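Contents: one structure, followed by commentary.
The values are calculated or read from the model by the stated rules, or taken from the named source; none is laboratory data. Note that this is a predicted model, so its numbers are computed, not measured. Note that each Cβ is placed from the backbone with ideal geometry, even for glycine, and that neighbours are counted across all protein chains shown. Please note that ligands, DNA and RNA were not included when accessible areas were found on the heavy atoms of the full protein model with its side chains. Shrake-Rupley method; radii C 1.70, N 1.55, O 1.52, S 1.80 Å.
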Amino acid sequence: MSVKATYGQDIAIKSNILYDATTTINLGVEFALSDRLTLDVSGNLNPWLFPNTHVTYAAHGTPHRIDGKFKHWMLQPELRWWTCEKFNGHFFGTHLHVGGFNVGGLAFLPDNIGVTFAEPTPEWKYGTGIRWQRYEGWLMGAGVSYGYHWILSDRFSLEFSLGVGYVYLKYDKYNPCVTCNAVEGSSFMHYFGPTKAGISAIFILK
């Protein structure tokens, strides 16, 4: 599509297909600030329980069932600089992120994913990590990203993006029940690595 056809675009509405695949509700809005600068603001929410992804354990000989949850919310604003023109081609961005999470009982994850404070005792025969424990807390951080906006028509586009950066996480750990029990411990984590990934379907408002 020509430069003339895209020059007047000011607002884009988008949905991240990768987040959709994880049952996460998400919506993004991108505003033009100048010919080569835009502000992208995206948010996502996952409020669901996953009763079919439970794990079981034996506590003092009594079997229990744990329903999985991947509840979280996040807001991620990003300032973007476009190499040619806004809403067309390559862009580089810098983003912030803030959110909250309540996750645990995810049977499809291996035992060692997640921070643990102590090894399981003989009385409680369960594993470690997010598969067995529940982690509830909040996060914040920042990062940089690269992406490409592929125009399909005057109104519809696809966008591919990937970002890396830093995240600070503060959380409480509940063990072993996903919905109850007292806090076993509190901790924090410094994370460096991928902070966003997207394949987004976009509708252009002119």
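Data for the structure
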read-out: Of residues in the stretch 117-175 being modelled with pLDDT under 75 and of a type in the set (S, T, N, Q), the one farthest from L106 (Cα to Cα); value: T121
read-out: 3 or more residues in contact with a Phe, Trp or Tyr (Cβ under 7 Å, 6 or more places away or on another chain), surrounded by 15 or more Cβ atoms within 10 Å (Cβ to Cβ) and at pLDDT below 95: qualifying strands (runs of 3 or more DSSP E) within the stretch 1-74; value: 49-59
read-out: Only listed residue being open to solvent by less than 10 Å² (accessible area, probe 1.4 Å), modelled with pLDDT of 90 or more and not hydroxyl-bearing (S, T, Y), chosen from F91, F101; value: F91
